[in-house]
Amino acid sequence: MCGIVGYIGNKQAAPIILDGLARLEYRGYDSAGMAVFDGKKINVVKAAGRLKILEEMTHNGETMPGCVGIGHTRWATHGAPSTVNAHPHYNGTGTIAVVHNGIIENYIVLRKMLQEKGYQFVSETDTEVIAHLVDYYYKGNPLEAITKVLHRVEGSYALGVIFAEHPDQLFATRKDSPLIVGQNEEGCFIASDVPAILKYTRRVTYVENQEIVRLRKDHMHFYTVDEEEIQKESVTIEWDSNAAEKGGYEHFMLKEMYEQPKTVTDTLMPRIKDGEVVIDELNMSDEELSGIKKIYIVACGSAYHAGVTGKYVLEGLSRISVEVDLASEFRYRNPVMEEGAMVIVISQSGETADTLAALRESKERGFQVLGIVNVVGSSIAREADSVLYTWAGPEIAVATTKAYSAQLIALYLLALKFARVKKTVSDDEFGQMLDDLKKLPDQIEMLLSNKNNIQRFANRYIGARDIFFIGRGIDYAISLEGSLKLKEISYIHSEAYPAGELKHGTISLIEEGTLVATVATQPGLFAKTISNIVEVKARGAFVLAVTVEGNIEMEKAADYVIYIPETNPYFTNSLAIIPLQLFGYYVSVGKGCDVDKPRNLAKSVTVE
């Protein structure tokens, strides 16, 4: 959540900071601010609302001269969205400025201690504690002060700090909240994510937990929390900054939906070689894989929904028992885990706080952890025992589409790999499934071409109050994601239920005109699902059905039917989710919602 950008160099800092913050808008925010040293003092400007307000206040940074500064876009946690609560925060004399992502868990204790020593607070934030604490420990040596602060604070943080007495230096540090640094011929940068600085440099260095960076305009030095200097290696970002631009599409979300055929191809094809599934990233032999007795899948949000599909596919194809957990529950429930198990954590950003905590918990218990992530060099990618990358490229819209589709492909490949080593599918079945996987990109493209019909249908439900999604088995997993896509960007109340649970309370909510979206892609469950359709229609529901070609019985039962091409039943999520993504998108557009940046949501949830 939130975004940090900082710069020190030969150029004016404010325009660079504003440009970087604009490229981080997808992370979500409700206020923004900057602090820039002008040669005499640190000037701070901040405002609640969109970044555009800050740009207008500073004439795109022109009225804030100076070559060192920090900026921030904030999602409110401690204290309401307001100018006074916006970052940066500073000490009483305005000589130290701080921006912060994360949550300081012991800020109440620290605030009380500082107040007893005469420090006065003007905001409701936990971040202001850091500014005053740095001031408390500062005796002329910024690095020493910051290290002392890190020994006192508890929680998560990514920090950017500037000192009026040291205008030739910019400091940054992190713990459990992402932060990168970069350098070019004209200066050095800090940022929460790569897109913020990709315009200026492709060479970035990932800051690890409790590392501190001292940046000058022409070099960077890295230190441990005990002030010991360390050496770090930078990496080259391969994808182009144009990949993070809309490319003529009205919204990033629409662009990313249309990138799904390529995303599926890029994630799938390098791992199919000579008629076999080859996943070199696992770093495990076939014998080691065949010895795995159980799999735990841990994730949040859409990644969790991909994991639910993964459970059905892995159990069905490889006959390995699979448990799927929400990371926020897994990390606190003290799970009983079986010997010989593998843990799979799934995260688009690779920085999801709860998922990262689940990874660490699993490793502490001695379990092998596989990370399925999209961001190279992210925390999960660095800390997992092995990494299966989803080559989706940058995903900017808060509501995931192409990264979710890539996660499904990664799980299909894993399921087929396990099935192969455990010999639970025949050679003919395996070959046919590989053929079906290879067809998915073209089939997805065909479904996307049907967007006009879906848009017309979506326009009928712009004013809906409640929409329900139902399905059985894998169709329930599809319903979970379809429902989430709709609710998070259109703000319409939407729920997904296993269709067999309707009579256990949910059917009481169905009334005349309620839309029930039914997913029916599993041939063995068609009859059962049609029975559920009859039940809701008897209560006045209008039924939208997503089903496979050839299921003509659905025409008789549902009011509106969307067909997906024929594929293996285990892979139908990759196709059925496409019309549901489009439906949610066009309902949101019709309502005039901010599709790419829905309210109260952030792209990367880096706090609990």
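Just a few scattered comments:
- Selection status of V194, at pLDDT 90 or above and not acidic (D, E): no
- Candidates A381, A358, A353, filtered to the one that is open to solvent by less than 40 Å² (accessible area, probe 1.4 Å) and at pLDDT 90 or above: A358
- Residue match in region 458-475 (condition: free of Cβ contacts under 8 Å to residues at least 12 places away in the same chain and touching a strand residue (DSSP E or B) at 6+ places or on another chain (Cβ under 9 Å)): yes
- Scanning region 317-362 for residues that are in contact with a Ser or Thr (Cβ under 7 Å, 6 or more places away or on another chain), among the charged types (D, E, K, R) and closer than 22 Å to N374 by Cβ turns up E351, D354.
- V398 open to solvent by 10 Å² or more (accessible area, probe 1.4 Å), at pLDDT below 90 and touching a Leu at 6+ places or on another chain (Cβ under 6 Å): yes
- L502 being farther than 18 Å from R539 by Cβ and of a type outside the set (V, I, T): no
- Selection status of L480, in contact with a Ser or Thr (Cβ under 6 Å, 6 or more places away or on another chain), closer than 25 Å to Y585 by Cβ and part of a helix (DSSP H, G or I): no
- Any chance N283 is touching a strand residue (DSSP E or B) at 6+ places or on another chain (Cβ under 6 Å), open to solvent by 20 Å² or more (accessible area, probe 1.4 Å) and modelled with pLDDT under 95: yes
- Check on I295, out of contact with any Pro (no Cβ under 8 Å at 6 or more places or on another chain), over 27 Å from I180 (Cβ atoms) and open to solvent by less than 10 Å² (accessible area, probe 1.4 Å): yes
- Here the condition is being in a helix (DSSP H, G or I) and surrounded by fewer than 24 Cβ atoms within 10 Å (Cβ to Cβ); of V425, V421, it holds for V421 alone.
- When the strands (runs of 3 or more DSSP E) confined to region 179-225 are screened for residues that are free of Cβ contacts under 8 Å to residues at least 60 places away in the same chain, those reaching at least 1 such residues are found at 180-184, 203-206, 212-215, 220-223.
- Flag for A22 being under 27 Å from the mean Cα position of the chain (by Cα) and closer than 23 Å to A164 by Cα: no
- Taking each residue of region 392-421 that is under 21 Å from N600 (Cα atoms) and looking for partners that are crowded, with 24+ Cβ neighbours inside 10 Å and among the β-branched types (V, I, T) with beta-carbon atoms closer than 6 Å, six or more apart or interchain, yields A399/I489.
The values are calculated or read from the model by the stated rules, or taken from the named source; none is laboratory data. Note that this is a predicted model, so its numbers are computed, not measured. Heads up, the Cβs are rebuilt from the backbone with ideal geometry, glycines too, and the neighbour counts pull from every protein chain shown. Please note that ligands, DNA and RNA were not included when accessible areas were found on the heavy atoms of the full protein model with its side chains. Shrake-Rupley method; radii C 1.70, N 1.55, O 1.52, S 1.80 Å.
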